[in-house]
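The values are calculated or read from the model by the stated rules, or taken from the named source; none is laboratory data. Being a predicted model, the structure only gives us computed values, none of them experimental. Note: ideal-geometry Cβ built from the backbone for every residue, glycine included; neighbour counts use all protein chains shown. Accessible surface is based on the protein model in full, side chains and every heavy atom, while ligands, DNA and RNA are left aside. Shrake-Rupley method; radii C 1.70, N 1.55, O 1.52, S 1.80 Å.
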Amino acid sequence: MALKDIIGQEKALNILKGCINKERIPHAIFFAGDEGIGKKLTAINFAKTLNCTGTSDGPDLFADVPAEQDTAVFKDACGKCSSCIKIDKGSHPDIFFLGPEGDGGQITVSAIRQLEESLSYKPFEGEWKIAIIDNADRLNRSAANAFLQTLEEPSQKSILILISSRPDMLLTTIRSRCQRINFTPLPIDTMSRLLQEKHAEFDHEHASLLSTLSGGRLGYALNENLVAQRDWSFDIFNQMLGAPEDNIWEDRNAMEEWFEWGQLLLRDIAVYKTTGRADLLINRDKKDEIKKMSDVSELKGILKLSREFYTIKERLHFNLNKQLTFNYTSLLLKEMLGKKDH
């Protein structure tokens, strides 16, 4: 795989191509955008392109860019040389991957110190040493302060690529020292068409549902368990309205996922409550269930619950107790839903 295989992020890719062609690679780049939108995949293939030792084939990724914007012939990653293969396998000695670790789900200061040491040496095999820091917003305070020094005193031939779907959670001093590149969701119609083109087993209805549920995020749409995850989350939602079982969230990631689906369901309930139109729902295949909830709920309760969900989801990063959060959320659901307007 190479940069030419990244779908729907032409603006971001054009910026990266310009950096390569002008031989002005920023020391620090910040990829910002929703989860499942292709940020990490782009970072990996950007690293492959910079260190590729082979010859790329296929059409020019940027053939539609006016010639006057190009200062060199763009050479994409070949995907076949030893460098590209090692990066794909995560075994290239000059490419480093950092992300949250442990129960706290944080990037620690020790990991940053280790990265600093690794970047202090000259590239071992490739032209560039590249660190890809996923979920960079999970840098804890000590790690973030240590990372500032890395940004302010860059090693030669080193590149830092920060990735985050929560850019506002990063220190302003870190963001200001990076070149920011934004990644955006695909239009629903465009993604639905792409899904049908690449997956013959998807009919129009299923492709449209996946595109809508994923919010235009191709990585999410291609997750074969997307609909099953949604159904599981909705089942828990219904259980909480009745007599819920003990906490069935496995970890914080499961909690975050459930609150995302919960907010989506509340959005649909509010939309149906105010318009009565099933065609405006995201979860159109659940319209009967959504109608029933809408019929017995007050709009102000739905909106208040949605705000509460947002607050809880934001606080999950402070390691809320799973059982207490489950019990509290269940009480909120019972209190704020099921009260019909008078």
*asked:* Looking at the stretch 232-245, can you tell me whether even one residue there is in contact (Cβ under 8 Å) with a residue 40 or more places away in the chain and within 30 Å of Glu101 (Cβ to Cβ)?
replied: no
*Please determine, by comparing only the residues of the stretch 101-124 that are closer than 25 Å to Arg252 by Cβ and not in a helix (DSSP H, G or I), which one is most open to solvent (accessible area, probe 1.4 Å).*
Asp103
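Hey, among Ser176, Ser192, which residue is over 20 Å from Asn14 (Cα atoms) and buried (at least 16 other Cβ atoms within 10 Å of the Cβ)? Walk me through how you get there before you give the answer.
On the way: Ser176 fails: buried (at least 16 other Cβ atoms within 10 Å of the Cβ).
Every option except Ser192 fails the conditions.
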*Scanning the stretch 295-330 for residues that are among the aliphatic types (A, V, I, L, M) and at pLDDT 90 or above, which turns out nearest to Glu257 (Cα to Cα)?*
Ile312
*Would you pick out the residues in the stretch 286-302 that are closer than 25 Å to Val227 by Cα, out of contact with any Phe, Trp or Tyr (no Cβ under 8 Å at 6 or more places or on another chain) and buried (at least 16 other Cβ atoms within 10 Å of the Cβ)?*
Met293, Ile302
*Selected residue (criterion: least open to solvent (accessible area, probe 1.4 Å)) from residues of the stretch 1-59 that are closer than 18 Å to Lys86 by Cβ and part of a loop (DSSP other than H, G, I, E, B)*: Ala2
*Residue by residue through the stretch 195-222, note down the ones that are in contact with a Leu (Cβ under 7 Å, 6 or more places away or on another chain) and either open to solvent by 30 Å² or more (accessible area, probe 1.4 Å) or among the small types (Gly, Ala, Ser) (or both).*
Phe202, Ala207, Ser211, Ser214, Gly216, Leu218, Tyr220, Ala221
*Could we say that Trp249 is at pLDDT below 90, surrounded by 15 or more Cβ atoms within 10 Å (Cβ to Cβ) and in contact with a helix residue (DSSP H, G or I) (Cβ under 7 Å, 6 or more places away or on another chain) here?*
yes
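I need a count of the residues in the stretch 306-338 that are open to solvent by less than 80 Å² (accessible area, probe 1.4 Å) and either assigned to a loop (DSSP other than H, G, I, E, B) or touching a Cys at 6+ places or on another chain (Cβ under 9 Å) (or both).
3
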*the stretch 254-278: number of residues that are in a helix (DSSP H, G or I) and without any contact (Cβ under 8 Å) to a residue 12 or more places away in the chain*: 3
*asked:* Tell me yes or no: at least one residue of the stretch 173-186 is free of Cβ contacts under 8 Å to residues at least 60 places away in the same chain and aromatic (Phe, Trp, Tyr).
replied: no
